[in-house]
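The values are calculated or read from the model by the stated rules, or taken from the named source; none is laboratory data. Since this is a predicted model, take the numbers as computed values, not measurements. All Cβ positions, glycine included, derive from the backbone under ideal geometry; neighbour counts span all protein chains shown.
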């Protein structure tokens, strides 16, 4: 009499302690780079130099005159913060790592650490060239963030085998849509660089829409 075979359950990989320690070091290093990059933004906010002490009215006028620096700071703080939240969320799902993921993560952090420079440019000049340079930097950062996740999640290479396809697709879509938005703003900048900057606000509803989908 044939025996009944038991239903096979999908294998779940349990992270090896050494692998888990290495993954934690990767995350700690990444968090440090994000923190340093987001802190460097404020160093670009400096008052114009002047001779002698300033009166209340003069100091107020100088504080108001550097409003583009405040705007650049807030913009890049939100951008870096968005990428950090995505990184935090993705690496909460990644259970293992390998040399390729280390390299891809390092390349993404290279772009994160670079963001304060185009922020300084767009705060100081704010013209078409600075706008395009900033948009291309953010677009490249988004592509590298998506590449990180694609490599880790492809065929559940470094994530839980039971991770749903919908979740994998959603985490890939978010940074790609951000990159697409900033790339589209490059074309808008050739018409009006101020409108290109305003178009970046669409990042907020895009992230909300993808999160709800």
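For residues in the stretch 156-168 being part of a helix (DSSP H, G or I) and out of contact with any helix residue (DSSP H, G or I) (no Cβ under 9 Å at 6 or more places or on another chain), which is farthest from residue 85 (Cα to Cα)? For the stretch 156-168, the residue satisfying everything is 165. Among the residues of the stretch 191-202, the ones that are closer than 23 Å to residue 108 by Cα and without any contact (Cβ under 8 Å) to a residue 12 or more places away in the chain come to 1 in all. Filtered by the rule that a residue be touching a helix residue (DSSP H, G or I) at 6+ places or on another chain (Cβ under 8 Å) and surrounded by fewer than 18 Cβ atoms within 10 Å (Cβ to Cβ), the stretch 189-198 gives 190, 195. Within the stretch 48-60, one or more residues are assigned to a loop (DSSP other than H, G, I, E, B) and surrounded by 11 or more Cβ atoms within 10 Å (Cβ to Cβ).
Scan the stretch 61-100 for residues that are in a helix (DSSP H, G or I) and either touching a strand residue (DSSP E or B) at 6+ places or on another chain (Cβ under 7 Å) or within 19 Å of residue 120 (Cβ to Cβ) (or both) and the total you get is 20. Any idea which of (1) touching a helix residue (DSSP H, G or I) at 6+ places or on another chain (Cβ under 9 Å); (2) at pLDDT 90 or above is the one residue 28 doesn't satisfy? Answer for residue 28: the failing condition is (1). Regarding residue 181, is this residue surrounded by fewer than 16 Cβ atoms within 10 Å (Cβ to Cβ), under 26 Å from residue 133 (Cβ atoms) and under 17 Å from the mean Cα position of the chain (by Cα)? For residue 181, the condition - surrounded by fewer than 16 Cβ atoms within 10 Å (Cβ to Cβ), under 26 Å from residue 133 (Cβ atoms) and under 17 Å from the mean Cα position of the chain (by Cα) - is not met. The C-beta contact set for the stretch 60-89 (first residue farther than 30 Å from residue 168 by Cα, second residue at pLDDT 90 or above and in a helix (DSSP H, G or I), distance under 6 angstrom, 6+ apart or interchain) comprises 68/123; 69/123; 72/119; 72/122; 72/123; 73/41. Of all residues in the stretch 174-190, those that are in a helix (DSSP H, G or I), touching a residue at least 24 places away in the same chain (Cβ under 8 Å) and more than 13 Å from residue 143 (Cβ to Cβ) total 3.
Of the candidates 59, 47, 78, the single residue that is farther than 19 Å from residue 113 by Cα and within 29 Å of the chain's Cα centre (by Cα) is 47.
Just to check your reading of the model, which residue among 146, 135 is surrounded by 13 or more Cβ atoms within 10 Å (Cβ to Cβ) and without any contact (Cβ under 8 Å) to a residue 40 or more places away in the chain? The unique qualifying residue is 146.
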